[in-house]
Amino acid sequence: MLPECSQHVARALADAGVTGTIREMPDSTRTAVEAAAALGCEVGAIAGSLVFRSGNKPVLILSSGRHRVDTEKLAAHLSWPPLERATPAQVREATGQAIGGVAPVGHPAPLPTVVDTALAEYPEIWAAGGTPRTIFPTTHGELVHLTGGHSLPVADD
């Protein structure tokens, strides 16, 4: 039985017709490095979920684990107010999930989302499933579809 937060994510995935199954791992997948080690894949194939505030609104950035988000460049490209990292309380309020386990979906309300174009380089990527120990397989295109997000580079390689 999946944790409650992961059940919300699983329902959202099923409702969207996604076939990837959420897996609960024995060890933490809280960081991209931990998730890649647990799965035996490249760190770049991990879709890290980062919540920022732009103005007064939360936004979700799904970034390749090999990147650090260039917040200034991304906000300018989207004509958004500056991006500031959300606090743990703001992350939980916006997503219903804790830092280290934020899934791309399953939130109380959809968030404006950016999906890193670098994730398209991998045939299979992994995203958090609602807790720091749950993950699911997906693709770049599926993440864009699921979230209604913008596919943009989030960092310079």
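Computed values, structure above
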| quantity | calculated |
| --- | --- |
| Close pairs (6 angstrom Cβ cut-off, 6 or more residues apart or separate chains): farther than 28 Å from Glu124 by Cβ and without any contact (Cβ under 8 Å) to a residue 24 or more places away in the chain in segment 52-79, in a loop (DSSP other than H, G, I, E, B) and open to solvent by 40 Å² or more (accessible area, probe 1.4 Å) anywhere | Ala75/Pro82 |
| Total residues in segment 1-39, condition within 16 Å of the chain's Cα centre (by Cα) and of a type in the set (A, V, I, L, M, F, W, C) | 11 |
| Residue selected from segment 28-43 under the condition open to solvent by less than 60 Å² (accessible area, probe 1.4 Å) and not small (Gly, Ala, Ser), by the criterion farthest from Val102 (Cα to Cα) | Cys41 |
| Selected residue [of a type in the set (A, V, I, L, M, F, W, C) and closer than 19 Å to Val9 by Cβ] from Val69, Val91 | Val91 |
| Candidate set from segment 5-23 (those that are open to solvent by 90 Å² or more (accessible area, probe 1.4 Å) and not in a loop (DSSP other than H, G, I, E, B)); member that is nearest to Gly106 (Cα to Cα) | Arg11 |
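The values are calculated or read from the model by the stated rules, or taken from the named source; none is laboratory data. In this text, all values refer to a predicted model and were calculated from it rather than measured experimentally. Positions of Cβ are backbone-derived with ideal geometry, glycine not excepted, and every protein chain shown enters the neighbour counts. The protein model used for the area step is the full one, side chains on, heavy atoms only, and it has no ligands, DNA or RNA in it. Shrake-Rupley method; radii C 1.70, N 1.55, O 1.52, S 1.80 Å.
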